[in-house]
Amino acid sequence: MPSIHVYFLPELVRAEAVAGSCCVVIDVLRATTTIIEALAAGAASVAPCLTIEDARTRHAEFGPDAAVLGGERGGRPIAGFDLGNSPAEYTNTRVSGRAVVLTTTNGTKALVHCRAAREILVAAFINLSAVTENLCKVASTQTINIICAGTDGIITREDVLMAGAIVAGLNLPEDLLNDQALLARDAWLEVAADRSAVDLAARLTEVMRESRGGRNLIEIGMAADIELAARIDRQAITPAYDAKRGLITSGEERA
Ligand code: MLT
């Protein structure tokens with residue numbers, strides 16, 4: 001029986017348990033938001049790497065002209081890297097036609113955790129409708145596992161809200177949802193209730209500014225990233241991670 005499972009952290013589901021399913025990975029602040037922005041800006045692919053060393057090696061394999069090296073540790077850019085992890089840095093001028101080799105603290109780990117899945121989609125508020133539409137096509141036949149990256153093993157509100165927004169959009173019978181899916185959906189419905197699109201983006205920004213990840217970004221002078229991450233449906237792509245090739249592409253070929 002197909003079902004929708006939400007996991008508030010990758011650690012809450014064994015890597016083998018997602019084998020053969022459709023996984024959705026969420027790290028709103030900021031890894032998945034940045035990946036979507038980079039691909040929408042024309043990057044050929046994004047190669048997520050777990051460590052700084054892996055990222056340097058992968059970048060060298062692509063060759064410096066063919067790839068951009070980006071990422072963060074503690075939210076800050078990494079010494080010697082071309083770009084940090086602010087979505088707005090990934091402009092057409094910087095990334096068009098090039099691969100982006102990216103290492104982040106939690107988001108890239110969550111992606112790699114799902115490597116046994118049949119399909120791995122990349123989601124954030126900025127592509128909410130695109131992801132939900134893609135999932136609608138498979139929800140009646142496949143198990144969907146929605147995995148929140150969290151921050152350093154701690155559940156983050158923005159990832160749970162995003163998971164809830166997907167669950168609400170799919171509108172499936174409750175007996176197909178696990179308890180985390182029900183909790184996420186109800187949390188989202190409470191935030192979204194009776195709000196216009198403009199109002200909702202403002203409320204989301206407020207909520208994210210209060211979260212652990214959001215407070216960290218404000219502290220290091222990156223509050224603008226929170227506003228961008230709250231722009232629901234800013235992009236219309238659903239990137240997919242091919243774990244065998246170690247590459248995320250825009251998914252436009254699927255549309
Ligand atoms: C992560 O993967 O943990 C995030 O990218 C953190 C950040 O953007 O600062």
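Just so it is clear, none of the values below were taken in a lab; they were calculated from the coordinates. Keep in mind it's a predicted model, so treat the numbers as computed, not measured. FYI the Cβ positions are ideal-geometry reconstructions off the backbone, even for glycines, and counts take in every protein chain you see.
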Taking amide H positions as placed 1.01 Å from N in the peptide plane, with prolines and chain starts having none, which residues 5 or more places from Ala67, or on another chain, fall under 5 Å of its amide H? Ala99
Hey, what do the phi angles of region 119-127 turn into as Karplus ³J(HN,Hα) couplings, whole Hz, using 6.51/-1.76/1.60 and θ = phi - 60°, x for Gly and Pro? 9, 10, 9, 10, 10, 7, 4, 5, 10
Go through the cysteines of the chain and tell me which have no other cysteine Cβ under 4.7 Å away. Cys22, Cys49, Cys136, Cys148
When Lys and Arg each count +1 and Asp and Glu each count -1, what net charge do the other residues less than 11 Å away from Ile220, Cβ to Cβ, add up to? -1
Histogram of C-alpha separations across region 4-254, 10 Å bin width, %: 8, 35, 38, 16, 2, 0
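Quick one: compute the contact order of the chain, relative version, from alpha carbon pairs under 8 angstrom and 6+ residues apart, as a percent.
Dividing the mean separation by the residue count of the chain yields 32 percent.
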Taking H as built 1.01 Å from N, whose amide H comes closer than 5 Å to the amide H of Gly150, not counting residues under 5 places away? Thr156
How many angstrom lie between the C-alpha centres of region 25-95 and region 145-217? 25
What residues qualify as long-range amide H neighbours of Asp242, i.e. H under 5 Å apart, gap of 5 or more or another chain, H built at 1.01 Å from N? Leu247, Ile248, Thr249
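Just order 16-23, 2-9 by mean Cβ neighbour count inside 10 Å, highest at the front, would you?
2-9, 16-23
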Label-point separation in nm, Ala193 to Arg215, each point 7 Å along Cα→Cβ: 2.6
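Using helices alone, what [θ] at 222 nm do you get for the chain, with -39,500 (n - 2.57) per DSSP H run of 4 or more residues, divided over all residues and rounded to the nearest 500?
The helix contribution divided over the chain gives -11500 deg cm²/dmol.
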Note down the relative contact order for region 1-109 as a percent, whole number, built from C-alpha pairs under 8 angstrom at least six residues apart. 35
Would you mind counting up the charge near Ala79? Only other residues with Cβ under 12 Å from its Cβ, with Lys and Arg at +1 and Asp and Glu at -1. +1
Options Cys148, Cys136, Leu200, ranked by Cα towards positive dipole end of region 135-208, top entry (Cβ charges): Cys136
Please give the charge dipole size of the chain, origin at the Cα centre, charges +1 on K and R Cβ atoms and -1 on D and E Cβ atoms. Round to the nearest 20 debye. 440
